[in-house]
Amino acid sequence: MSVSPVLDPSTAQGCCPPLSAQALAPQVAGQFAPLFKALSDPVRLRLLSLIASTAEMCVCDLTDAFEVTGPTISHHLRVLREAGLVDTEKRGTWVYYRARRDALDLLGGLLTTSAAAPAIEAGTSCAAPGPTHQDAVISSNPDVVRLLGDPLRAQIVRILAEGPATTSHLVTDTGAKQPNVSGHLKLLREAGVVTTEPRGRFTYYRLVPDALQGAALHLADLAAQARTHDDIFRTC
């Protein structure tokens with residue numbers, strides 16, 4: 001996929017009012033179109049969301065998060081890079097990806113309903129869970145209990161309770177294969193049980209105590225219900 005040069009964010013800020021305020025000039029539309037085209041594929045959109053949700057992400061974690069081949073992921077990442085949506089940095093044998101926040105800001109500003117008000121209002125279901133939405137994520141996610149039912153995931157959580165660790169640490173401590181560990185970390189991250197933190201050239205996984213507390217409260221609530229209804233038999 002060939003792309004046109006992306007707008008230079010340093011000079012484009014303020015030059016492109018929201019679509020609802022003013023129609024785009026043909027040249028500007030031609031510069032924005034490749035960015036939207038790059039995001040029109042579900043895999044690429046999810047890739048960007050994973051990258052943008054943290055400071056940076058290793059390609060090894062991105063590959064393990066999808067049920068497609070490594071070359072396919074590499075192709076989609078190249079499209080995002082050429083469109084100007086992500087930056088890369090090679091450290092050792094791994095490539096790390098970072099979202100270009102300025103490019104995302106340009107796209108977001110273009111789609112807002114006005115120059116001053118964002119299109120997505122607080123509290124809408126479209127808002128992606130992030131650090132400021134953590135409480136909402138864990139309070140309505142009893143699936144944390146189900147996730148911990150897997151022996152390897154439970155072991156990973158026990159290890160992370162001793163402190164943040166990298167994927168390689170967890171592979172060593174559990175004796176499991178790296179793709180298997182990465183797959184479990186992906187599920188735990190999506191459930192809000194762990195978060196990632198880049199430190200130098202490594203990505204550390206950190207346990208979210210409130211997520212476990214939320215699961216514990218969910219189990220305690222079930223136990224309380226069971227005690228309350230212990231003598232209530234359903235009719236046959």
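Restricting the search to the range 175-207, which residues are more than 21 Å from LEU62 (Cβ to Cβ) and surrounded by 13 or more Cβ atoms within 10 Å (Cβ to Cβ)?
Step one: list which residues in the range 175-207 are more than 21 Å from LEU62 (Cβ to Cβ), which gives 175, 207.
Passing the criteria: only LEU207.
For the range 82-96, the criterion of being at positive phi and under 20 Å from the mean Cα position of the chain (by Cα) is satisfied by at least one residue. For the range 178-216, the candidate set comprises residues that are assigned to a strand (DSSP E or B) and in contact with an Asp or Glu (Cβ under 6 Å, 6 or more places away or on another chain); within that set, the residue that is nearest to ARG158 (Cα to Cα) is ARG206. Looking at this structure, is ILE51 within 11 Å of the chain's Cα centre (by Cα) and in contact (Cβ under 8 Å) with a residue 24 or more places away in the chain? It is true that ILE51 is within 11 Å of the chain's Cα centre (by Cα) and in contact (Cβ under 8 Å) with a residue 24 or more places away in the chain.
Results for (1) in a strand (DSSP E or B); (2) modelled with pLDDT of 85 or more, shown as yes or no for each residue.
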{"position": "ALA55", "(1), (2)": "no, no"}
{"position": "ARG78", "(1), (2)": "no, yes"}
{"position": "GLU89", "(1), (2)": "yes, yes"}
{"position": "ARG98", "(1), (2)": "yes, yes"}
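The residue list ALA33, ALA83 contains one member that is buried (at least 20 other Cβ atoms within 10 Å of the Cβ) and assigned by TED's automatic domain parsing to the domain that holds LEU107, which is ALA83.
The values are calculated or read from the model by the stated rules, or taken from the named source; none is laboratory data. Here the structure is a predicted model, which is why all the values come from computation and not from measurement. Note: ideal-geometry Cβ built from the backbone for every residue, glycine included; neighbour counts use all protein chains shown.
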